[in-house]
Amino acid sequence: MKIVKNLNNLATLADYSFINRLTIDPKATKDGIDHNPRQVFSGHFVLVKPTPIANPKYVAHSKQFFSELGLSNSLATSEPFIKMFSGDTSELPEQMSKVGWATGYALSIYGREYYKQCPFGTGNGYGDGRAISIFEGVFNGKRYEMQLKGGGRTPYCRGADGRAVLRSSIREFLAQEHMYALDVPTSRSLTLYTSTTERVKRPWFYNGSHSMEPELMIEESVAITTRVAPSFIRVGQIELFGRRARKNEHPKALKELEEIVLHLIEREYSNEIDEVLSLEEKVILLAKAFRKRVTSLVANWIRVGYCQGNFNSDNTSIGGYTLDYGPFGFIDMFEPYYQPWTGGGTHFSFINQTKAVERNFAMFCLALKPLLGLEAQNSLDKIKDEFPIVMQRAMIRMWSDKLGLKKFDVPLFNELMRLMIDTSVDYTIFFRELSHLPTDITPLKKSFYNQNLDKELRDRWIEWLNRWQEAINITSSEEHEALSKKMKSINPKYTLREWFLVPAYKKANYGDYSLIYELQEVMNNPYEEQSKEIEEKYYKKKPIEFFDIAGVSHVSCSS
């Protein structure tokens, strides 16, 4: 594999399929100077020149992902690379585009179409308000798109400043690589740069506040993190073109829907859907393949204790991976309706993610219908209607694996859920301790916030553990070792809890990135036994004083 040592090397890998093969907005400017909110009535993208952050400074990069892409680590701190990935694309090599692109998409929340988030009330002003793709290329046979988060205003900015702040950028940068290490499909993190001089105001909370709503405006350093994925095509994008085709909003609406769907298949499902098939056959296979991926994704989220927080259709990647780490959170004490985002409600809570994704999938199917005849539409409806069955199967497989069961035991599982709630159990620690296959409840008590069990609760735990031991039916030391190893590969020891992140971004505000680097090392190896020092620091229950604290137990959408 040839190592990419400079931008000229990177340029040889460029292949801009999205902007070369799809339709540009007829009113888009060629130079990308298009930074004010406006309606975009047609086309798949607008060209946008990123707005560089002032005086960029290196914070971090993903060494593992650099290695996978064949990028030299020295690139991350080289001036041309820093300029490019902090938004200055003016001096890129000839083969590379000096302008980026942003896309529009529709919004539906829990299966309901919304237009009011669009400043024009039409849906034609909603899309990538501060996310600008600047590169697409093929690395070792795999296509990737690179997108700046916080790269400045676009026509979809809705009057905002187009910036991301260092705090939220650190969260997203660390979370993406952590999710990858957890074996959960995800977009990836490339680089993180901040400005030494440019700052913006954001709503936030007073220190120690219990408020559910931001209470003051604070100044924060701006930053740009580059996220990478095979594509950034979301359900919301297909929805936008489906709505336009359904309403016949312009003469090319149906054609643009067909183009974006075929491009999606080429980018994300070319190994599963044969190019020679008819359009209808391709669409039906796409719906089945996406259903399989997205049900598996959500089951994996629940496996590792992750809650997306804001699981709208525009935050749902059709590639079937986690995308757009806004108000996400990893669960501490098990609470089925845990929701890290103050504006999220129970419909996007931890356990309801299976319902939310069903609604998003239904909107995806609705968007595809204009491409299909009546018979194919009936087939699509069947795929949609069977979604709960497929989702349930994925969940049963996940819970069986998490509990080390060969066959799912409904009463055993239901009693465990009740016990975890009644005892106030740390989700991650409990399942990791269970992975050691304990014969009494003493090791499990490490995960209990309630240490003073009454006799009834203690007896219930003992009874449950005995029933579980019978269910796993271990008869030899070899079987014990094999099952324990398998469960430890499913139940992580470390997850990126918010109260680990807060000290990291607070230190980063003063130019100290040491905790970011420490969290990179720990969270990129979440299943591994690490040093005693790391275990004492990161394998422990959430301190009681952090419960219900704004910015720690819950966050706003401010970023």
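Checking every one of the chymotrypsin sites (Phe, Trp or Tyr not before Pro) in the range 188-219 against DSSP loop status and a limit of 14 other Cβ atoms within 10 Å picks out Tyr206.
Measuring spread by the Cα atoms of the range 360-446 yields a radius of gyration and Dmax of 19.8, 61 Å. Using Cβ point charges alone (K and R +1, D and E -1), the dipole size of the range 7-237 about the Cα centre works out to roughly 340 debye.
Quick check: the distance between the Cα centres of the range 65-99 and the range 331-405, to the nearest angstrom? Centre-to-centre distance over Cα atoms comes out at 38 Å. Mind checking which of Phe120, Leu483, Gly152 is farthest towards the positive end of the chain's charge dipole, using Cβ charges of +1 (Lys, Arg) and -1 (Asp, Glu) about the Cα centre? Of the options given, the answer is Phe120.
Go through the range 476-538 and name the chymotrypsin sites (Phe, Trp or Tyr not before Pro) that are in a DSSP coil and have 11 or fewer other Cβ atoms within 10 Å of their Cβ. Mind dumping the intermediate values first?
Working: sites: Tyr494, Trp499, Phe500, Tyr505, Tyr510, Tyr513, Tyr517, Tyr527, Tyr538; in loops: Tyr494, Tyr510, Tyr513, Tyr527.
Within the range 476-538, the qualifying chymotrypsin sites (Phe, Trp or Tyr not before Pro) (loop, at most 11 other Cβ atoms within 10 Å) are Tyr510.
Show me the GluC sites (Glu not before Pro) within the range 29-98 that DSSP assigns to loop and that have at most 14 other Cβ atoms within 10 Å of their Cβ. Sparse-neighbourhood loop GluC sites (Glu not before Pro): Glu91, Glu94. Between Val165 and Ala223, the built amide H atoms are under 5 Å apart, and every one of these is 5 or more places off in sequence or on another chain. Charges were assigned to the Cβ only: +1 to each Lys and Arg, -1 to each Asp and Glu. The resulting dipole of the range 411-523 about its Cα centre is roughly 260 debye.
How big is the C-alpha Rg of the range 395-516 next to the rule-of-thumb value 2.2 N^0.38 Å, as a ratio?
Its radius of gyration relative to the 2.2 N^0.38 Å reference: 1.26.
Amide H contacts of Gly151: Ile132, each under 5 Å away and 5 or more positions distant or on a separate chain (H built 1.01 Å from N in the peptide plane; Pro and chain starts excluded). Placing +1 on the Cβ of every Lys and Arg and -1 on the Cβ of every Asp and Glu, with nothing else charged, gives the chain a dipole about its Cα centre of roughly 760 debye.
Kirkwood-based Rg over Rh for the range 308-402 (C-alpha set), two decimals? Walk me through the numbers before you get to the answer.
Values: Rg = 15.2 Å, Rh = 14.8 Å.
We get a ratio of 1.02 for the range 308-402.
Close amide H pairs (under 5 Å, H built 1.01 Å from N) link Ile218 with Arg202, Trp204, residues at least 5 positions away or on another chain. For the range 89-104, backbone phi angles converted through the Karplus equation (6.51, -1.76, 1.60; θ = phi - 60°) give residue-by-residue couplings of 9, 6, 10, 6, x, 4, 6, 9, 5, 8, 10, x, 8, 10, 10, x Hz, Gly and Pro being listed as x.
For the listed peptides 398-404, 248-254, a ranking on the average number of other beta carbons within 10 Å per residue, highest first, reads 398-404, 248-254.
Beyond a 32 Å Cα-Cα separation, which of these cross-linked pairs lie in this structure: Lys247/Lys384; Lys255/Lys288; Lys83/Lys247?
Details: Lys247/Lys384 22 Å; Lys255/Lys288 23 Å; Lys83/Lys247 43 Å.
Beyond 32 Å: Lys83/Lys247.
Each residue of the range 257-274 is assigned a 3J(HN,Hα), and the resulting list reads 4, 4, 4, 5, 5, 5, 5, 4, 4, 5, 6, 10, 10, 5, 7, 10, 10, 5 Hz, derived from the Karplus form 6.51 cos²θ - 1.76 cosθ + 1.60 (θ = phi - 60°), x at Gly and Pro. By the helix-only formula, in which each DSSP H run with n ≥ 4 contributes -39500 (n - 2.57) and the sum is divided by residues, the chain has a 222 nm mean residue ellipticity of -12000 deg cm²/dmol.
Listed highest first by mean packing, meaning other Cβ atoms within 10 Å per residue, what order do 386-393, 126-133 come in? Spell out each step's value before the answer.
On the way: 386-393: 15.0, 126-133: 25.1.
Per-residue Cβ counts within 10 Å, averaged per peptide and sorted highest first, yield 126-133, 386-393.
Compute the helix-to-body angle for 387-403: its Cα long axis versus the longest principal axis of the chain, expressed 0 to 90° and rounded to tens. Helix 387-403 and the main axis of the chain meet at about 50 degrees. In this structure, the pairs whose alpha-carbon distance is over 21 Å, taken from Lys406/Lys488; Lys486/Lys542; Lys402/Lys446; Lys27/Lys116, are Lys486/Lys542; Lys27/Lys116.
Only one item in [x] 82, 59, 50; [y] 102, 71, 57; [z] 72, 61, 50 matches Cα extents along the principal axes in Å derived from the coordinates shown, and that item is [z]. Comparing Tyr321, Ile516, Val99 along the charge dipole axis of the chain, the residue lying farthest to the positive side is Val99, per the Cβ-charge model.
Convex hull volume of the C-alpha atoms in the range 136-286, normalised per residue: 192 Å³.
For the chain, averaging the sequence separation of C-alpha pairs within contact (under 8 Å, six or more residues apart) and dividing by the residue count gives a relative contact order of 14 percent. Converting phi to 3J(HN,Hα) with the Karplus coefficients 6.51, -1.76 and 1.60 and the offset θ = phi - 60°, the range 149-164 yields 9, x, x, x, 6, 10, x, 9, 6, 6, x, 7, 8, x, 10, 10 Hz in sequence order, with x at every glycine or proline.
Distance from the alpha carbon centroid of the range 105-165 to that of the range 296-319 works out to 18 angstrom.
Here's the picture: charge each Lys and Arg Cβ at +1 and each Asp and Glu Cβ at -1 in the chain, and of Ala54, Asn450, Ile474 the one pushed furthest to the positive end of that dipole is Ala54.
Every number here is computed from the coordinates shown, using simple stated rules; none is lab data. On a predicted model such as this, the values are computed, not experimentally measured, just so you know. Neighbour counts are summed over all protein chains in view; Cβ atoms, including those assigned to glycine, are modelled from backbone coordinates with ideal geometry.
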